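Right, one structure below, let's go through it.
The values are calculated or read from the model by the stated rules, or taken from the named source; none is laboratory data. What you are looking at is a predicted structure, and each value in this text was computed from that prediction instead of being measured. Methodologically, a virtual Cβ is constructed for each residue, glycine included, from the backbone with ideal geometry; neighbour enumeration extends over all protein chains shown. Side chains are part of the model used for accessible areas, which takes the heavy atoms of the whole protein and leaves out ligands, DNA and RNA. Shrake-Rupley method; radii C 1.70, N 1.55, O 1.52, S 1.80 Å.
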Amino acid sequence: MSVPPETLVTAAGRLLQPAPGTVAPLVPGLRARAAAILLRMALDQALDAYWQRITPSMTRIGKHRMLCLEWYAGHDTARRCRTTWSALSAACHYRTYELPPAPAEIRTRLREVTALLAALGDKPDPASVRLAEDAG
């Protein structure tokens with residue numbers, strides 16, 4: 001069973017900012033880390049869906065799909081995706097010698113993932129796909 005990326009982003013937003021009047025059972029740092037995990041899952045699913053539409057064989061290897069994204073989705077989208085994915089990956093890992101991620105930092109990543117979902121959800125420009133296929 002797969003949860004849509006948008007649902008994961010919504011759940012991450014609720015973790016970062018619980019509804020007024022509710023008691024949050026987790027401290028802000030743990031909620032931020034849990035939200036980072038949900039956001040990274042949403043970004044991974046959006047990338048899988050994007051490559052499934054473009055070329056299904058690309059969903060098999062995670063590193064290749066990031067490297068080739070620039071040719072298909074554009075330089076800016078690929079850069080933002082790499083940066084966001086790396087930041088979320090760092091925020092997901094627990095290290096005893098580091099503080100948990102700040103909720104404000106993860107809120108920024110939430111906005112970025114939301115923008116990337118929209119960018120990856122759009123159909124690619126057919127001319128750029130042809131150029132990428134010719135180059136590869």
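Take the Cα of Ala118, step 7 Å toward its Cβ, do the same at Thr10, and the gap between the two points is 1.8 nm. With helices as the sole contributors, the chain gives -24000 deg cm²/dmol at 222 nm; each DSSP H run of n ≥ 4 counts as -39500 (n - 2.57), and the sum is divided by every residue. Along the axis of the charge dipole computed for the stretch 1-123 (Cβ charges of +1 for Lys and Arg, -1 for Asp and Glu, origin at the Cα centre), the listed residues Val3, Thr22, Pro101 are led at the positive end by Pro101.
Summing Lys and Arg as +1 and Asp and Glu as -1 over all other residues whose Cβ lies under 13 Å from the Cβ of Pro100 gives a net charge of +1.
Rolling a 1.4 Å probe over the protein heavy atoms of the stretch 56-118, with every protein chain left in place, gives an accessible area that is 60 percent carbon and sulfur. Take every pair of alpha-carbon atoms less than 8 Å apart whose residues are at least six positions apart; their mean separation over the length of the stretch 55-120 yields a relative contact order of 29 percent. In this simple spin-label model, placing a label point 7 Å from the Cα along the Cα-to-Cβ direction at both Met66 and Arg82 gives a separation of 0.9 nm.
Note on His75 and His93: the model spin-label points, each 7 Å out from Cα along the C-beta direction, lie 3.0 nm apart. Taking 0.36 nm per residue of separation and subtracting the current Cα-Cα distance, fully stretching the chain between Glu105 and Leu30 would add 25.7 nm. Calculated accessible area for the stretch 56-98 comes out at 64 Å² per residue, all protein chains present (probe 1.4 Å; ligands, DNA, RNA ignored).
Considering only Tyr94, Tyr50, Tyr72, the Gaussian network model of the chain with Cα springs below 10 Å gives its largest mean-square fluctuation to Tyr94.
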